[in-house]
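The values are calculated or read from the model by the stated rules, or taken from the named source; none is laboratory data. Small disclaimer: the values here were computed from a predicted structure and weren't measured. Glycine also receives a Cβ, built like all others from the backbone with ideal geometry; neighbour counts cover every protein chain displayed.
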Amino acid sequence: MRLSTRKLLDRSFTGLGFISIVIMTAALLFLLTPIFIRGSRAFLFRATVEHRLLMLEKFKRGNPEKIQIEVEQTQKMRRPVYDMMSQYEKEISQLSRLEKMEKKNQLRELKKYIENLLGPAPGETRPVLWRDQYGQTRWERALAHLQKVLYREKWDYSDPTKMGQKILIPRTEDFKGTSLENLFPYIENNLKKMLSPRLTFYWRFLTDKSYDAHFFGGIWPEMLGTLYLTLGAMIFAIPMGVIAAIYLTEYAKQGTVISVLRTCISTLAGVPSIVFGLFGLAFFINTIKISESKSVLAGSMTLALLILPTVIRASEEAIRAVPVTYKEAALSLGASKWHTVLTVILPAALPGILTGIVISMGRAAGETAPIIFTAAVSVGKPLKLLETFTQPTPALPWNIYNLATEHEAVDEIRHVQFGMVLTLVLMVLVLNMAAIILRARISKKLKG
């Protein structure tokens, strides 16, 4: 090959490599930027006086005197809203039966949305659920509920070739000429004074458990459960994977059986994760009964099987990459084969083995399907270490899916969903960084 042709090919491959790196970086930024922006809202947001009141009454946090003053100030601004509704009730009491029924239905709907926005009126019986005892605790959700107070939705299906079009009709049209006509501009212009939003950093999102189906509180049980499952999977997978790799490379006689075995290992690496979940349920729980039902132990063993092929193949390649002269030198000095493997080959292959462990750790932390049947529950308390042998646990991957698809109020807890995603990404990054740093230190120590 001519020198000019070789230089041209080198430049072409260098350019393609650079373009690939740029595309990968752009793709990562495109995926991660919304996660970091929206996930940060679980920690940093504009909290209303309702949030501070909830923190004081339910968690005993905050300054009672200051919060009481704020509550009195906001209640003073809300008082005209309740007065106008009381006055309107008196007005409709003088109407005919049919008109009274129509106006009462309109007022009942309006009251429901105002209660969702500001909480129950003073003197009313407080509901059982936390979400109904308080108004909107976050300013961005308060603005969304303000629209429901100001407008009622109507769907237009007049065009059969298109989907229904949502039309917003001002509610003030339903109450023209009544004492409620001025209610809507009053709420719109004074909502800030009625809710008193303030920028708040809620770091306890990581350490609190959830309350009222994740409407309030944090994600500590989910974080702890994910950590238990990930570390448990690595405890089972690393010894089995490394020992299997040592056997395949150093002890097994190469032939048809070993070739078929390697093919099976490679095939297992491509099996859908849901299959491992069903196998874990059928074998670990229903057959050998390592626990009565779902448990962290069963989930960890299922995840270990899932990542085992990756650990075996990565360890096998790392051991093969060790120069043969290392082994020959050790054997020539009289070391046994096992002693050579343990003291020469494994330390030299350790950086490569750790690379496979890092990849496997990230996959184990983010898998959902294997733990659905073996370990995960939607709601649960933080587990103690000994409880992991018999009890199921909430976990970030499963709860993200559950909250995003099956929760009764998906839009109300978007911040929790993205907060969980951000936390899971950061947990995987931290675990991977710890393994990478450990690998770098080991490599540096081996090089002297």
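Restricting attention to the range 159-174, does a residue exist that is within 33 Å of the chain's Cα centre (by Cα) and either in the same structural domain as Val410 (by TED's automatic domain parsing) or surrounded by 12 or more Cβ atoms within 10 Å (Cβ to Cβ) (or both)? Scanning the range 159-174, I find no residue that is within 33 Å of the chain's Cα centre (by Cα) and either in the same structural domain as Val410 (by TED's automatic domain parsing) or surrounded by 12 or more Cβ atoms within 10 Å (Cβ to Cβ) (or both), so the answer is no.
State yes or no: is Arg2 farther than 20 Å from Arg138 by Cα and either loosely packed, with under 10 Cβ neighbours inside 10 Å or touching an Asp or Glu at 6+ places or on another chain (Cβ under 7 Å) (or both)? Explain how you work it out, then say what you get.
Numbers: farther than 20 Å from Arg138 by Cα: yes; either loosely packed, with under 10 Cβ neighbours inside 10 Å or touching an Asp or Glu at 6+ places or on another chain (Cβ under 7 Å) (or both): yes.
Yes.
If you go through the range 407-441 and pick out every residue that is surrounded by 14 or more Cβ atoms within 10 Å (Cβ to Cβ), in contact with a Leu (Cβ under 8 Å, 6 or more places away or on another chain) and not in a helix (DSSP H, G or I), you end up with 0.
Filter the range 175-229 down to the residues that are assigned to a helix (DSSP H, G or I) and among the aliphatic types (A, V, I, L, M) and list them by number. Break it down stepwise before answering.
Step one: filter the range 175-229 for residues assigned to a helix (DSSP H, G or I), giving 175, 183-195, 203-206, 220-229.
Across the range 175-229, the qualifying residues are Leu183, Ile187, Leu191, Met194, Leu195, Leu206, Met223, Leu224, Leu227, Leu229.
Residues that are surrounded by fewer than 20 Cβ atoms within 10 Å (Cβ to Cβ), assigned to a loop (DSSP other than H, G, I, E, B) and either in the same structural domain as Gln73 (by TED's automatic domain parsing) or at positive phi (or both) do not occur anywhere in the range 234-252. Of everything in the range 87-131 that is surrounded by 15 or more Cβ atoms within 10 Å (Cβ to Cβ) and closer than 17 Å to Asp212 by Cα, the residue that is farthest from the chain's Cα centre (by Cα) is Gly119. Ser360 passes every criterion in (1) crowded, with 24+ Cβ neighbours inside 10 Å; (2) farther than 21 Å from Ile274 by Cα; (3) within 20 Å of the chain's Cα centre (by Cα) apart from (2).
Could you please give the count of residues in the range 317-345 that are β-branched (Val, Ile, Thr), assigned to a helix (DSSP H, G or I) and surrounded by 11 or more Cβ atoms within 10 Å (Cβ to Cβ)?
Within the range 317-345, the first condition is being β-branched (Val, Ile, Thr), and the residues that meet it are 319, 322, 324-325, 340-341, 343-345.
From what's left, assigned to a helix (DSSP H, G or I): 319, 324-325, 340-341, 343-345.
Narrowing the set further to residues that are surrounded by 11 or more Cβ atoms within 10 Å (Cβ to Cβ) leaves 319, 340-341, 343-345.
Residues meeting the conditions: 6.
Cβ-Cβ contacts under 6 Å between residues 6 or more apart (or on different chains), taken from a first residue in the range 122-143 that is outside any helix (DSSP H, G or I) to a second residue that is of a type in the set (Gly, Ala, Ser), are listed as Tyr134/Gly119; Gly135/Gly119; Gln136/Ala142. Of the residues making up the range 37-96, those that are touching a residue at least 60 places away in the same chain (Cβ under 8 Å), over 24 Å from Trp203 (Cβ atoms) and of a type in the set (A, V, I, L, M) are Met77, Val81, Met84, Met85. Per the listing Ala404, Ala376, Ala365, Ala395, the residue uniquely among the small types (Gly, Ala, Ser), surrounded by fewer than 21 Cβ atoms within 10 Å (Cβ to Cβ) and touching a residue at least 12 places away in the same chain (Cβ under 8 Å) is Ala404. Among the residues of the range 386-406, those identified as over 8 Å from the mean Cα position of the chain (by Cα) and either part of a loop (DSSP other than H, G, I, E, B) or closer than 22 Å to Leu44 by Cα (or both) are Thr390, Gln391, Pro392, Pro394, Ala395, Leu403, Ala404, Glu406. Checking Met84 against (1) modelled with pLDDT of 90 or more; (2) within 21 Å of Pro170 (Cα to Cα); (3) surrounded by 15 or more Cβ atoms within 10 Å (Cβ to Cβ); (4) within 40 Å of the chain's Cα centre (by Cα), only one condition comes out false. Which one? All conditions are met except number (4). Across the range 284-297, the qualifying residues are those that are in a helix (DSSP H, G or I) and surrounded by fewer than 17 Cβ atoms within 10 Å (Cβ to Cβ), and the one among them that is farthest from the chain's Cα centre (by Cα) is Thr287.
So which residues in the range 256-289 are of a type outside the set (Gly, Ala, Ser), closer than 30 Å to Gln391 by Cα and in contact (Cβ under 8 Å) with a residue 40 or more places away in the chain, if there are any at all?
Here is the first cut: in the range 256-289, the ones of a type outside the set (Gly, Ala, Ser) are 256-258, 260-265, 267-268, 271-272, 274-276, 278-279, 281, 283-289.
Narrowing further to those that are closer than 30 Å to Gln391 by Cα: 268, 271-272, 274-276, 278-279, 281, 283-289.
Within the range 256-289, Leu268, Pro272, Ile274, Phe276, Leu278, Leu281, Phe284, Ile285 meet the criteria.
What about Thr207, is it out of contact with any helix residue (DSSP H, G or I) (no Cβ under 8 Å at 6 or more places or on another chain), surrounded by fewer than 16 Cβ atoms within 10 Å (Cβ to Cβ), free of Cβ contacts under 8 Å to residues at least 24 places away in the same chain and over 23 Å from Glu102 (Cβ atoms)? Steps first, answer last, please.
On the way: out of contact with any helix residue (DSSP H, G or I) (no Cβ under 8 Å at 6 or more places or on another chain): no; surrounded by fewer than 16 Cβ atoms within 10 Å (Cβ to Cβ): yes; free of Cβ contacts under 8 Å to residues at least 24 places away in the same chain: yes; over 23 Å from Glu102 (Cβ atoms): yes.
Answer is no for this residue.
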